[in-house]
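Comments concern the structure below.
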Amino acid sequence: MELKLIDMALINIFPKIKIFKLSIFYFIVTFGISNLVQAQSINLSYNGVANADKNAVHLFASNLKAIVEKNSNGKIEINLYPNSILGKEQERMEQVINSPGLNIASFGGISPIFPEIFVSSIPFLFTDFEKARKFFDEGYYWKKARTEFYQRNNAHILAVVEEGGFLAFTNNEREIRTPADFKGLKFRAMDKSQVALYKSFGASGTPIPWTDVYMALKMGVADGQMNPPMYIIMSSLNEVQHYLTLANIQYSDQFLVANDTLMKNLTEKQREILIAAVKEANALNRKSIQSQVESRIDYLSKNGMQVYQPTEEEIEQFRNASKESYINWLETQGIDKSWIDLALKDVN
């Protein structure tokens with residue numbers, strides 16, 4: 001009786017539509033809405049351009065989206081928001097802490113609410129990809145960090161996202177071969193840990209948001225910066241920087257953060273799909289990044305940059321100038337020494 005009343009109302013509005021079509025329409029709308037309610041839509045925010053060849057974070061995000069949507073048969077949809085569309089680092093972190101969603105954060109986003117993350121960027125902590133990956137995949141420091149981060153912020157770090165290999169120095173004043181070459185230079189810093197690092201080399205560091213780096217270097221607000229070759233290419237920094245030093249001082253990574261309410265609202269099967277997809281997308285990222293290290297350096301060499309690879313003796317000078325100084329700085333930030341000891345034990 002109720003169906004007939006609905007059909008008659010629709011007939012009054014659309015007199016030319018046949019009754020059986022209206023009944024089918026009513027059936028599709030009713031059950032279609034029911035299915036839509038069951039679907040799960042998740043927003044994923046991050047920085048950098050929506051170009052998988054130039055931005056490893058976007059490569060990870062796009063692979064994650066594809067894997068999740070395929071393995072869930074479309075019942076989980078990942079909406080990508082690259083290029084800091086939803087806000088800069090700390091704004092995006094506030095969003096993912098307070099509302100359901102995912103965010104890929106740099107140290108600039110994580111460190112204000114979890115300063116112990118700085119321990120994982122002790123200069124020359126890792127000598128190669130294998131050691132860095134093992135540190136985050138198996139190390140006790142990282143297991144403790146993930147637990148503590150959740151307890152403080154009610155959010156989960158689901159993955160360490162490799163974003164381009166190891167950090168290199170660039171500047172537009174002179175070739176940097178040893179720490180002495182830093183003297184008097186001004187460097188863009190991602191966060192206060194990098195300010196401390198530059199200070200140990202005799203340079204000054206100024207925090208500048210990533211979105212402003214190109215213009216800051218072009219206008220001389222800063223003489224140089226530190227990033228893996230991928231990021232230099234992504235933002236065309238070779239146009240405003242002439243010298244590149246492959247010191248490999250720190251491992252370049254970001255962190256996939258998930259809102260706790262989001263994770264709890266997923267069914268057990270949906271959580272399994274998401275977590276498995278994160279692991280698979282991360283493996284694809286690692287393979288892609290490592291395979292392109294040399295080709296990216298070659299690209300920069302052919303596109304305006306003078307590339308220098310320090311000798312072992314020169315690397316030792318960088319290590320001696322920065323490592324102890326950086327660890328001392330960590331302790332001034334109120335970071336308990338047990339975190340430092342645990343990280344150093346993991347790598348040794």
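Would you confirm whether any residue within the stretch 71-80 is open to solvent by 60 Å² or more (accessible area, probe 1.4 Å) and farther than 23 Å from T261 by Cβ?
Restricting attention to the stretch 71-80, the residues satisfying the condition of being open to solvent by 60 Å² or more (accessible area, probe 1.4 Å) are 71, 73, 75, 77.
Of the ones still in play, those that are also farther than 23 Å from T261 by Cβ are 73.
The answer is yes, given that some residue of the stretch 71-80 is open to solvent by 60 Å² or more (accessible area, probe 1.4 Å) and farther than 23 Å from T261 by Cβ.
Take the conditions in a helix (DSSP H, G or I) and farther than 24 Å from F60 by Cβ and apply them to S200. Does it pass?
For S200, the condition - in a helix (DSSP H, G or I) and farther than 24 Å from F60 by Cβ - is met.
Can you find a residue in the stretch 38-55 that is within 30 Å of G334 (Cβ to Cβ), touching an Asp or Glu at 6+ places or on another chain (Cβ under 9 Å) and surrounded by 16 or more Cβ atoms within 10 Å (Cβ to Cβ)? Talk me through it step by step, then tell me what you get.
Taking the stretch 38-55 and keeping what is within 30 Å of G334 (Cβ to Cβ), we get 45-47.
Adding the requirement that they be touching an Asp or Glu at 6+ places or on another chain (Cβ under 9 Å) leaves 47.
Adding the requirement that they be surrounded by 16 or more Cβ atoms within 10 Å (Cβ to Cβ) leaves 47.
Looking through the stretch 38-55, at least one residue is within 30 Å of G334 (Cβ to Cβ), touching an Asp or Glu at 6+ places or on another chain (Cβ under 9 Å) and surrounded by 16 or more Cβ atoms within 10 Å (Cβ to Cβ).
Give, as residue ranges, the strands (runs of 3 or more DSSP E) completely inside the stretch 99-187 that count at least 3 residues that are open to solvent by 10 Å² or more (accessible area, probe 1.4 Å), without any contact (Cβ under 8 Å) to a residue 60 or more places away in the chain and among the hydroxyl-bearing types (S, T, Y). Working first, answer last.
Details: elements: 102-105, 155-166, 168-171.
Of the strands (runs of 3 or more DSSP E) lying wholly inside the stretch 99-187, none has at least 3 residues that are open to solvent by 10 Å² or more (accessible area, probe 1.4 Å), without any contact (Cβ under 8 Å) to a residue 60 or more places away in the chain and among the hydroxyl-bearing types (S, T, Y).
Hey, among the residues in the stretch 44-56 that are out of contact with any Leu (no Cβ under 7 Å at 6 or more places or on another chain) and not aliphatic (A, V, I, L, M), which one's nearest to L274 (Cα to Cα)?
The residue in question is Y46.
Residues K323, K279, K302: which one is basic (K, R) and modelled with pLDDT under 95?
On the way: K279 fails: modelled with pLDDT under 95; K302 fails: modelled with pLDDT under 95.
None of the others qualify; the one that does is K323.
Residues of the stretch 146-175 being over 17 Å from K287 (Cβ atoms), touching a helix residue (DSSP H, G or I) at 6+ places or on another chain (Cβ under 6 Å) and aliphatic (A, V, I, L, M), which ones?
A155, I157, L158, listed by residue number.
Is there a residue being among the hydroxyl-bearing types (S, T, Y), surrounded by fewer than 15 Cβ atoms within 10 Å (Cβ to Cβ) and either part of a helix (DSSP H, G or I) or in contact with a strand residue (DSSP E or B) (Cβ under 8 Å, 6 or more places away or on another chain) (or both) anywhere in the stretch 279-293? Steps first, please.
At the first step, the residues of the stretch 279-293 found to be among the hydroxyl-bearing types (S, T, Y) are 288, 291.
Next, only the ones that are surrounded by fewer than 15 Cβ atoms within 10 Å (Cβ to Cβ) stay: 291.
Checking the rest, the ones that are also either part of a helix (DSSP H, G or I) or in contact with a strand residue (DSSP E or B) (Cβ under 8 Å, 6 or more places away or on another chain) (or both) come to 291.
Among the residues of the stretch 279-293, at least one is among the hydroxyl-bearing types (S, T, Y), surrounded by fewer than 15 Cβ atoms within 10 Å (Cβ to Cβ) and either part of a helix (DSSP H, G or I) or in contact with a strand residue (DSSP E or B) (Cβ under 8 Å, 6 or more places away or on another chain) (or both), which makes the answer yes.
Say whether the condition of being among the basic types (K, R), under 18 Å from R146 (Cβ atoms) and in a helix (DSSP H, G or I) is met by at least one residue in the stretch 298-321.
First pass over the stretch 298-321, keeping only residues among the basic types (K, R): 302, 319.
Filter once more, keeping what is under 18 Å from R146 (Cβ atoms): none.
No, the stretch 298-321 contains no residue that is among the basic types (K, R), under 18 Å from R146 (Cβ atoms) and in a helix (DSSP H, G or I).
Being part of a loop (DSSP other than H, G, I, E, B), within 19 Å of the chain's Cα centre (by Cα) and on the phi < 0 side of the Ramachandran plot is the filter here, so list the residues in the stretch 221-252 that pass it.
Selection gives P228, S235, I249, Q250.
Assess whether I232 counts as being at pLDDT below 95 and closer than 25 Å to T211 by Cα. Steps first, answer last, please.
Working: at pLDDT below 95: no; closer than 25 Å to T211 by Cα: yes.
Taking the combined requirement at face value, the residue does not satisfy it.
The values are calculated or read from the model by the stated rules, or taken from the named source; none is laboratory data. On a predicted model such as this, the values are computed, not experimentally measured, just so you know. Positions of Cβ are generated from backbone atoms using ideal geometry, with glycine treated the same way; all protein chains shown enter the neighbour counts. We work out accessible area using only protein heavy atoms, side chains counted, and drop any ligands, DNA or RNA first. Shrake-Rupley method; radii C 1.70, N 1.55, O 1.52, S 1.80 Å.
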